[in-house]
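The values are calculated or read from the model by the stated rules, or taken from the named source; none is laboratory data. Remember, it's a predicted structure, so these values are computed and weren't measured experimentally. Methodologically, a virtual Cβ is constructed for each residue, glycine included, from the backbone with ideal geometry; neighbour enumeration extends over all protein chains shown. In case anyone asks, the SASA skips ligands and DNA or RNA and just uses the protein heavy atoms, side chains included. Shrake-Rupley method; radii C 1.70, N 1.55, O 1.52, S 1.80 Å.
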Amino acid sequence: MAFSLYDAPRCPFCARTRIVLAEKGVPHETVTVDLAERPAWLVEHNPPDGRVPVLDEDGWILPESAVIDEYLEERYPDPPLLPADPGERAAARLLVFRFDETLGDPYYALRREDPGAEAWLAGGLRGLDGLLRGAPFLTGREFGLADVSYLPWLLRLRGLLGVSLEPYPALDRWVETCAERPSVAAEVETVASLVG
Ligand SMILES: N[C@@H](CCC(=O)N[C@@H](CS)C(=O)NCC(=O)O)C(=O)O
(Lines give C-alpha, C1' and ligand atoms only; values in the text may rest on other atoms or scores of the structure.)
Protein backbone atom coordinates (compact mmCIF):
# COMPACT_ATOMS: atom_id res chain seq x y z
CA MET A 1 0.00 0.00 0.00
CA ALA A 2 1.21 3.52 -0.80
CA PHE A 3 -0.04 6.78 0.65
CA SER A 4 0.14 10.19 -0.98
CA LEU A 5 -0.85 13.33 0.87
CA TYR A 6 -2.04 16.24 -1.24
CA ASP A 7 -0.75 19.02 0.87
CA ALA A 8 -0.08 22.74 1.14
CA PRO A 9 2.46 23.96 3.72
CA ARG A 10 0.37 27.00 4.67
CA CYS A 11 -2.80 24.98 5.24
CA PRO A 12 -3.51 24.28 8.93
CA PHE A 13 -5.95 21.49 8.03
CA CYS A 14 -3.10 19.77 6.18
CA ALA A 15 -0.92 20.34 9.26
CA ARG A 16 -3.34 18.19 11.26
CA THR A 17 -2.70 15.27 8.93
CA ARG A 18 1.04 15.93 8.64
CA ILE A 19 1.27 15.69 12.44
CA VAL A 20 -0.66 12.41 12.58
CA LEU A 21 1.40 10.85 9.78
CA ALA A 22 4.58 11.89 11.61
CA GLU A 23 3.38 10.69 15.03
CA LYS A 24 2.55 7.29 13.59
CA GLY A 25 5.56 7.09 11.31
CA VAL A 26 3.43 6.26 8.28
CA PRO A 27 5.56 6.23 5.10
CA HIS A 28 4.02 8.51 2.48
CA GLU A 29 4.70 10.76 -0.45
CA THR A 30 3.79 14.43 -0.18
CA VAL A 31 2.33 16.13 -3.25
CA THR A 32 2.53 19.87 -2.68
CA VAL A 33 -0.36 21.76 -4.24
CA ASP A 34 -0.33 25.41 -5.23
CA LEU A 35 -3.60 26.62 -3.73
CA ALA A 36 -3.55 29.71 -5.97
CA GLU A 37 -3.59 27.46 -9.06
CA ARG A 38 -5.43 24.42 -7.85
CA PRO A 39 -5.02 21.55 -10.32
CA ALA A 40 -8.19 20.25 -11.99
CA TRP A 41 -7.47 16.70 -10.81
CA LEU A 42 -7.68 17.88 -7.20
CA VAL A 43 -11.14 19.35 -7.82
CA GLU A 44 -12.13 16.02 -9.37
CA HIS A 45 -10.80 14.16 -6.32
CA ASN A 46 -12.42 16.47 -3.77
CA PRO A 47 -15.31 18.41 -5.29
CA PRO A 48 -16.51 21.09 -5.37
CA ASP A 49 -13.46 23.19 -4.35
CA GLY A 50 -10.47 20.83 -4.49
CA ARG A 51 -9.64 21.47 -0.86
CA VAL A 52 -6.62 19.98 0.84
CA PRO A 53 -5.69 17.79 2.61
CA VAL A 54 -6.59 14.75 0.56
CA LEU A 55 -5.17 11.32 1.30
CA ASP A 56 -4.69 8.97 -1.62
CA GLU A 57 -4.15 5.32 -0.77
CA ASP A 58 -3.45 3.41 -3.98
CA GLY A 59 -6.10 5.50 -5.76
CA TRP A 60 -8.64 5.43 -2.92
CA ILE A 61 -9.33 9.05 -2.04
CA LEU A 62 -10.15 10.40 1.39
CA PRO A 63 -10.63 14.15 2.07
CA GLU A 64 -11.40 16.03 5.34
CA SER A 65 -8.62 16.34 7.88
CA ALA A 66 -10.60 15.10 10.89
CA VAL A 67 -11.84 12.05 8.97
CA ILE A 68 -8.37 11.30 7.57
CA ASP A 69 -6.87 11.55 11.06
CA GLU A 70 -9.44 9.15 12.54
CA TYR A 71 -8.84 6.77 9.63
CA LEU A 72 -5.10 6.80 10.30
CA GLU A 73 -5.77 6.28 14.00
CA GLU A 74 -7.82 3.17 13.26
CA ARG A 75 -5.48 1.92 10.58
CA TYR A 76 -2.36 2.50 12.69
CA PRO A 77 -3.52 2.26 16.31
CA ASP A 78 0.02 2.30 17.70
CA PRO A 79 0.97 4.79 19.05
CA PRO A 80 -2.60 5.68 20.06
CA LEU A 81 -3.84 9.25 19.59
CA LEU A 82 -7.17 8.63 21.32
CA PRO A 83 -7.59 7.47 24.94
CA ALA A 84 -8.64 3.89 25.68
CA ASP A 85 -11.68 4.89 27.73
CA PRO A 86 -14.83 5.42 25.56
CA GLY A 87 -15.94 8.48 27.53
CA GLU A 88 -12.52 10.09 27.21
CA ARG A 89 -12.52 9.27 23.49
CA ALA A 90 -15.92 10.92 23.13
CA ALA A 91 -14.70 14.03 24.98
CA ALA A 92 -11.72 14.31 22.61
CA ARG A 93 -13.96 13.85 19.57
CA LEU A 94 -16.34 16.50 20.90
CA LEU A 95 -13.52 19.03 20.93
CA VAL A 96 -12.60 18.17 17.34
CA PHE A 97 -16.29 18.43 16.37
CA ARG A 98 -16.56 21.87 17.96
CA PHE A 99 -13.32 23.21 16.49
CA ASP A 100 -14.98 25.72 14.16
CA GLU A 101 -17.07 27.44 16.81
CA THR A 102 -14.29 27.34 19.41
CA LEU A 103 -11.30 28.48 17.36
CA GLY A 104 -11.69 28.19 13.58
CA ASP A 105 -14.45 30.74 13.08
CA PRO A 106 -12.93 33.46 15.31
CA TYR A 107 -9.47 32.77 13.79
CA TYR A 108 -10.72 33.41 10.26
CA ALA A 109 -12.75 36.40 11.46
CA LEU A 110 -9.53 37.86 12.87
CA ARG A 111 -7.73 37.23 9.60
CA ARG A 112 -10.51 39.06 7.76
CA GLU A 113 -10.25 41.83 10.40
CA ASP A 114 -13.97 41.51 11.13
CA PRO A 115 -15.28 43.84 13.84
CA GLY A 116 -15.42 42.06 17.20
CA ALA A 117 -13.08 39.27 16.07
CA GLU A 118 -10.47 39.92 18.77
CA ALA A 119 -12.99 39.58 21.58
CA TRP A 120 -14.52 36.51 19.95
CA LEU A 121 -11.09 34.89 19.63
CA ALA A 122 -10.18 35.83 23.20
CA GLY A 123 -13.30 34.01 24.39
CA GLY A 124 -12.24 30.87 22.51
CA LEU A 125 -8.69 31.05 23.84
CA ARG A 126 -9.98 31.53 27.40
CA GLY A 127 -12.14 28.42 26.98
CA LEU A 128 -9.17 26.35 25.80
CA ASP A 129 -7.02 27.75 28.61
CA GLY A 130 -9.69 26.67 31.10
CA LEU A 131 -9.70 23.13 29.70
CA LEU A 132 -5.92 22.95 29.91
CA ARG A 133 -5.95 24.04 33.55
CA GLY A 134 -7.78 20.79 34.26
CA ALA A 135 -5.81 18.40 32.05
CA PRO A 136 -2.34 18.41 30.49
CA PHE A 137 -3.69 17.90 26.97
CA LEU A 138 -6.91 18.64 25.12
CA THR A 139 -7.16 14.89 24.46
CA GLY A 140 -6.90 14.31 28.22
CA ARG A 141 -3.97 12.72 29.98
CA GLU A 142 -1.95 12.16 26.82
CA PHE A 143 -1.31 14.04 23.58
CA GLY A 144 -3.76 13.05 20.84
CA LEU A 145 -6.21 13.96 18.10
CA ALA A 146 -7.87 16.88 19.92
CA ASP A 147 -4.46 18.51 20.43
CA VAL A 148 -3.55 17.84 16.79
CA SER A 149 -6.82 19.44 15.68
CA TYR A 150 -6.17 22.78 17.41
CA LEU A 151 -2.38 23.21 17.42
CA PRO A 152 -1.91 24.35 13.79
CA TRP A 153 -4.09 27.43 14.38
CA LEU A 154 -2.39 28.28 17.67
CA LEU A 155 1.01 28.11 15.94
CA ARG A 156 -0.27 30.44 13.22
CA LEU A 157 -1.87 32.85 15.68
CA ARG A 158 1.44 33.11 17.49
CA GLY A 159 3.79 32.97 14.52
CA LEU A 160 1.87 34.71 11.73
CA LEU A 161 -0.81 36.91 13.29
CA GLY A 162 1.23 38.18 16.26
CA VAL A 163 -1.27 37.05 18.89
CA SER A 164 0.42 36.58 22.28
CA LEU A 165 -0.65 33.53 24.24
CA GLU A 166 0.80 34.96 27.48
CA PRO A 167 -2.64 35.94 28.82
CA TYR A 168 -3.53 32.23 28.65
CA PRO A 169 -0.80 30.53 30.70
CA ALA A 170 -2.09 26.96 30.53
CA LEU A 171 -2.61 27.26 26.78
CA ASP A 172 0.82 28.83 26.32
CA ARG A 173 2.46 26.04 28.37
CA TRP A 174 0.57 23.38 26.38
CA VAL A 175 1.81 24.81 23.06
CA GLU A 176 5.37 24.76 24.38
CA THR A 177 5.00 21.19 25.67
CA CYS A 178 3.53 19.97 22.38
CA ALA A 179 6.25 21.79 20.41
CA GLU A 180 8.81 19.48 22.04
CA ARG A 181 7.41 16.64 19.94
CA PRO A 182 9.22 16.30 16.58
CA SER A 183 5.87 16.18 14.73
CA VAL A 184 4.86 19.59 16.12
CA ALA A 185 8.38 21.08 16.04
CA ALA A 186 8.30 20.48 12.27
CA GLU A 187 5.12 22.53 12.10
CA VAL A 188 6.70 25.37 14.10
CA GLU A 189 9.39 25.42 11.42
CA THR A 190 6.82 25.34 8.63
CA VAL A 191 5.04 28.34 10.15
CA ALA A 192 8.37 30.20 10.48
CA SER A 193 8.99 29.52 6.78
CA LEU A 194 5.66 31.17 5.89
CA VAL A 195 6.57 34.52 7.47
CA GLY A 196 7.24 37.32 5.04
N1 LIG B 1 -12.94 20.80 6.26
C2 LIG B 1 -11.73 20.68 5.49
C3 LIG B 1 -11.17 22.08 5.26
C4 LIG B 1 -9.97 22.07 4.34
C5 LIG B 1 -9.65 23.46 3.83
O6 LIG B 1 -10.45 24.42 3.97
N7 LIG B 1 -8.48 23.60 3.22
C8 LIG B 1 -8.14 24.86 2.64
C9 LIG B 1 -6.66 25.18 2.71
S10 LIG B 1 -6.20 25.55 4.36
C11 LIG B 1 -8.53 24.88 1.21
O12 LIG B 1 -8.15 23.99 0.45
N13 LIG B 1 -9.30 25.92 0.90
C14 LIG B 1 -9.77 26.20 -0.40
C15 LIG B 1 -9.06 27.35 -0.99
O16 LIG B 1 -8.04 27.83 -0.43
O17 LIG B 1 -9.52 27.77 -2.05
C18 LIG B 1 -10.73 19.80 6.23
O19 LIG B 1 -10.81 19.72 7.47
O20 LIG B 1 -9.88 19.14 5.58
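Taking only C-alpha pairs under 8 Å that are 6+ residues apart, what is the relative contact order of the chain in percent? Before the final figure, lay out each step's value.
Numbers: 242 pairs, mean separation 42.8, N = 196.
RCO, the chain: 22 percent.
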Could you tell me the relative contact order of segment 3-75? Use alpha-carbon pairs under 8 Å, at least six residues apart, and round to a whole percent. 39 percent
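Given a 1.4 angstrom probe, what's the average accessible area per residue across the chain, in square angstrom? Kindly include the intermediate steps, with their values, before the conclusion.
On the way: 9860 Å² over 196 residues.
Roughly 50 Å² per residue, with all protein chains present.
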In nanometres, the difference between 0.36 nm per residue of separation and the alpha-carbon distance of Glu166 and Arg10 is 53.7 nm
Range of Cα positions in segment 3-75 per principal axis (Å), largest first: 31, 24, 19
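Which percent of the accessible heavy-atom area of the chain goes to carbon and sulfur, probe 1.4 angstrom?
Details: 5250 of 9860 Å².
Of all accessible area on the chain, carbon and sulfur atoms account for 53 percent.
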Would you kindly derive the ³J(HN,Hα) couplings of segment 111-121 from the backbone phi angles with the Karplus curve 6.51 cos²θ - 1.76 cosθ + 1.60 (θ = phi - 60°), listing them in order in whole Hz, with x for Gly and Pro? 4, 7, 6, 5, x, x, 5, 4, 5, 4, 4
Unpartnered cysteines - no second Cys beta carbon under 4.7 Å - across the chain: Cys178
With just the Cα atoms of the chain, tell me how far they stretch along each of the three principal axes, in Å, largest first. 45, 40, 27
Table column - 3J(HN,Hα) (Hz), segment 54-62, Karplus curve with 6.51, -1.76, 1.60, x for Gly and Pro: 9, 9, 10, 10, 6, x, 8, 9, 10
In Hz, Karplus ³J(HN,Hα) per residue of segment 144-159 (6.51, -1.76, 1.60; θ = phi - 60°; x = Gly, Pro): x, 4, 5, 4, 4, 6, 9, 3, x, 6, 5, 5, 6, 4, 5, x
What ranking, highest mean first, results for peptides 141-148, 33-40, 91-98 when packing means the other Cβ atoms within 10 Å averaged over each residue? 141-148, 91-98, 33-40
Counting each DSSP H run of 4 or more residues in the chain as -39500 (n - 2.57), what helix-only mean residue ellipticity at 222 nm follows after dividing by all residues, to the nearest 500 deg cm²/dmol? -16500 deg cm²/dmol
Quick one: which of 163-170, 102-109 comes out on top by average Cβ neighbours within 10 Å, and what's the full order, highest first? 102-109, 163-170
